[in-house]
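As structure tokens, the structure follows; a few thoughts come after it.
The values are calculated or read from the model by the stated rules, or taken from the named source; none is laboratory data. All values reported here derive from a predicted model rather than from experimental measurement. Cβ: placed from backbone, ideal geometry, glycine included. Neighbour counts: every protein chain shown.
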């Protein structure tokens, strides 16, 4: 059983994924209290499924970008659990798992995450024929700089101002808030796929992803 952990933003999420597929997931508003909330919620999730922590076979963690402090909380917790249990660790970029459920729409995707101080991270993905996603660029921008002309799908944490701007773009595809927000079950599923391939990360090399103004 793999445990997925995401503390990239004020929205936190955890999920379990096993051989039969998704087992359980939970998403909540942690605001700035990830440090005190994360482990109690993990314990509750495991208990609700009757899964002892010792039965975990891997840990997947969202690596950001996002809130500087929040991302570090998730990484530190994931590394600690993986080390204490002696199980593999897998890092998944937060924009990738945000965009993943929308890849079959056949459109370029922009995954949006708040960075704080009125800044947003935007990651542009191209969808390949086999359904994989290719990162084209990632930028640290202001809300008004997110909007592009043409047929583009926007997902992630789309604030009210951004939704208003996108409403003026006739070809923009904007899912509902519930559909747009990232799902921790997707993080766990992507982590499970990597775990099954033996494609894992070392705790020493796995680091948070941050975007300076201007991006990559």
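List of remarks:
- Checking the stated criteria, residue 203 turns out not to satisfy the condition of being assigned to a helix (DSSP H, G or I) and either surrounded by fewer than 20 Cβ atoms within 10 Å (Cβ to Cβ) or within 15 Å of the chain's Cα centre (by Cα) (or both).
- Scanning the range 73-131 for residues that are closer than 30 Å to residue 54 by Cβ and free of Cβ contacts under 8 Å to residues at least 40 places away in the same chain gives 76, 80, 84, 85, 86, 87.
- Only one of the listed residues (177, 144, 169) is in contact with a helix residue (DSSP H, G or I) (Cβ under 7 Å, 6 or more places away or on another chain) and without any contact (Cβ under 8 Å) to a residue 40 or more places away in the chain. That residue is 144.
- Scanning the range 149-156 finds one or more residues that are touching a residue at least 60 places away in the same chain (Cβ under 8 Å), within 24 Å of residue 41 (Cβ to Cβ) and within 16 Å of the chain's Cα centre (by Cα).
- Meets criteria (in contact (Cβ under 8 Å) with a residue 60 or more places away in the chain and assigned to a loop (DSSP other than H, G, I, E, B)) for residue 65: yes
- Test: residue in the range 184-194 that is in the same structural domain as residue 88 (by TED's automatic domain parsing), surrounded by fewer than 18 Cβ atoms within 10 Å (Cβ to Cβ) and assigned to a helix (DSSP H, G or I): yes
- Among residues of the range 78-98, those that are buried (at least 21 other Cβ atoms within 10 Å of the Cβ) and in a helix (DSSP H, G or I), counted: 6
- Residues (within 15 Å of the chain's Cα centre (by Cα) and either closer than 8 Å to residue 184 by Cα or part of a loop (DSSP other than H, G, I, E, B) (or both)) located in the range 1-21: 4, 5, 6, 7, 8, 9, 10, 13, 14, 15
- The range 99-140, subset part of a helix (DSSP H, G or I) and buried (at least 19 other Cβ atoms within 10 Å of the Cβ), residue farthest from the chain's Cα centre (by Cα): 102
- Residue 162 falls short on exactly one of the conditions (1) part of a loop (DSSP other than H, G, I, E, B); (2) without any contact (Cβ under 8 Å) to a residue 60 or more places away in the chain; (3) in contact with a helix residue (DSSP H, G or I) (Cβ under 9 Å, 6 or more places away or on another chain), and that condition is (1).
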